[in-house]
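A.B. asks: Supplied in structure tokens, the structure appears directly below.
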Amino acid sequence: MRAVGVHQDAVVVTSRIWQTTCTAIRAGEEAMLIDSPYFPDELDALPALLQQAGFDITALLATHADYDHLLGRAAYPGLALGVGESTARRLRSDPGVAQKELRDADAEHYVVRDRPLSLGSYQSLPVPGYVGLGDQELELHPAEGHTADGAAVFARWAGVLCVSDYLSDVEIPMVHDLEEYRATLSRLAPLIEAAEAIVPGHGSPHDRDTALRLLDEDLEYLDGFAKLPPGRDTARQRAIHADNVMKHG
Ligand SMILES: [Zn+2]
């Protein structure tokens, strides 16, 4: 697990697996954790690590309902998990799916967890919309297409944009709905223009130019699925590519 500051009030922590990111954002006396790392030891260590960096987490948010982004309450069991309304819908309509997928992933990686994933009473937030944090507000923007649900989170005052599972430098687009995926990329473009640090769900935080380049590469890839974007042509990405071609090619 590694932590990198992207703003005086924002730190990105990256899991040892899948380069899964979570982002802590601070405003006044409050701080929000967006998404989560995966391994139990990372989740155990997270509160102390963030506390040391001056982030006293008071709120949790998940960008979408895939199990690898939902684990915040394993680190902060006393806090409620906030999710966009499309994510709340998906969690309601697929009860137990995230828990089962986490169990399957744990089994594959021989990971033992003290407790199963507990979402508690998650809080549904309007998207597009705002969620208050200290003396500031975070913007929630729809980000669907990778899955049927999703929200991007923009801390405009800090220039930090958490885009969820889009614009990764290590993963090609994993496409659930092609038109929605394209619509999300179009929606993200002006937000990127207004941001300083763009945090993908998997991979490294980007500066604006890198995020815009990845956006162009991803749009080109979606246009016919002809060849993998440069720098992301690995065995695992070719398997994702084959799945994209089968479903949308
Ligand atoms: Zn993910």
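The values are calculated or read from the model by the stated rules, or taken from the named source; none is laboratory data. This one's a predicted model, so the numbers in the text were calculated from it and none came from an experiment. To get the accessible areas, we keep the full protein, side chains included, count just its heavy atoms, and leave off ligands, DNA and RNA. Shrake-Rupley method; radii C 1.70, N 1.55, O 1.52, S 1.80 Å.
A.B. asks: Hey, in the GNM for the chain with a 10 angstrom Cα cutoff, which one of Arg115, Arg238, Arg156 fluctuates hardest?
C.D. replies: Arg115
A.B. asks: A further question follows. Gaussian network model of the chain, Cα springs within a sub-10 Å range: biggest mean-square fluctuation belongs to which of Ala155, Ala45, Ala98?
C.D. replies: It is Ala45.
A.B. asks: How many percent of the alpha carbon pairs in segment 49-92 exceed a separation of 16 Å? Walk me through the numbers before you get to the answer.
C.D. replies: Details: 393 of 946 pairs.
Roughly 42 percent, once rounded to a whole number.
A.B. asks: Which residue, Gly96, Gly129, Gly231, tops the fluctuation ranking in a GNM of the chain built on C-alpha contacts under 10 Å?
C.D. replies: With Cα springs under 10 Å in the chain, the top fluctuation among Gly96, Gly129, Gly231 is at Gly231.
A.B. asks: Here is a further query. P(r) for segment 96-152, please, calculated from all Cα pair distances in 5 Å bins and given in %.
C.D. replies: Over segment 96-152, the share of Cα pairs per 5 Å bin runs 4, 14, 15, 17, 15, 16, 12, 6, 1 percent.
A.B. asks: What is the spread of the Cα atoms of segment 1-96 along each of their three principal axes, largest first, in whole Å?
C.D. replies: 38, 30, 23
A.B. asks: May I ask you to compute the full-extension gain from Asp243 to Asp177, defined as 0.36 nm times their residue separation minus their alpha-carbon distance, rounded to one decimal in nm?
C.D. replies: On the way: separation 66, 0.36 × 66 = 23.76 nm, distance 1.26 nm.
Taking Asp243 through Asp177 to full extension adds about 22.5 nm, to one decimal.
A.B. asks: Here's another thing I want to ask about it. If you wrap a convex hull around the alpha carbons of segment 131-196, what volume per residue comes out, as a whole number of Å³? Could the numbers behind the result be given before it?
C.D. replies: Numbers: hull volume 5.3 nm³, N = 66.
In segment 131-196, the Cα convex hull volume per residue is 80 Å³.
A.B. asks: Please state, to two decimals, what the Cα-based radius of gyration of segment 110-244 comes to when divided by 2.2 N^0.38 Å (N = residues).
C.D. replies: Numbers: Rg = 16.0 Å, N = 135, 2.2 N^0.38 = 14.2 Å.
Taking the Cα Rg and dividing by 2.2 N^0.38 Å, one obtains 1.13.
A.B. asks: Largest first, what is the accessible-area ranking of Asp223, Asp165, Asp243 with a 1.4 Å probe?
C.D. replies: Values: Asp223 110, Asp165 15, Asp243 60 Å².
Final ranking, largest accessible area leading: Asp223, Asp243, Asp165.
A.B. asks: Roughly how far apart, in whole Å, are the Cα centres of segment 1-46 and segment 205-232?
C.D. replies: 25
A.B. asks: Right, something else. Taking the convex hull of the alpha carbon atoms in segment 121-164, what volume per residue do you get, in Å³?
C.D. replies: 79
A.B. asks: Here is a follow-up. For segment 198-249, max minus min Cα coordinate along each principal axis, in Å, sorted largest first?
C.D. replies: 33, 21, 16
A.B. asks: Using a 1.4 Å probe on the protein chains only, how many percent of the accessible area of the chain belongs to carbon and sulfur?
C.D. replies: Values: 5440 of 11020 Å².
It is 49 percent, rounded to a whole number.
A.B. asks: May I ask you to work out the translational diffusion coefficient for the chain at 4 °C, viscosity 1.567 mPa s, via Stokes-Einstein with Rh from the Kirkwood sum over Cα pairs, reported in whole µm²/s?
C.D. replies: Values: Rh = 18.0 Å.
Approximately 72 µm²/s, per Stokes-Einstein.
A.B. asks: Binned at 5 Å from 0, what are the whole-percent values of the Cα-Cα distance distribution for segment 61-146, short to long?
C.D. replies: 3, 13, 23, 24, 18, 11, 6, 2, 0
A.B. asks: Given a 1.4 angstrom probe, what's the average accessible area per residue across the chain, in square angstrom?
C.D. replies: It amounts to 44 Å² per residue over the chain.
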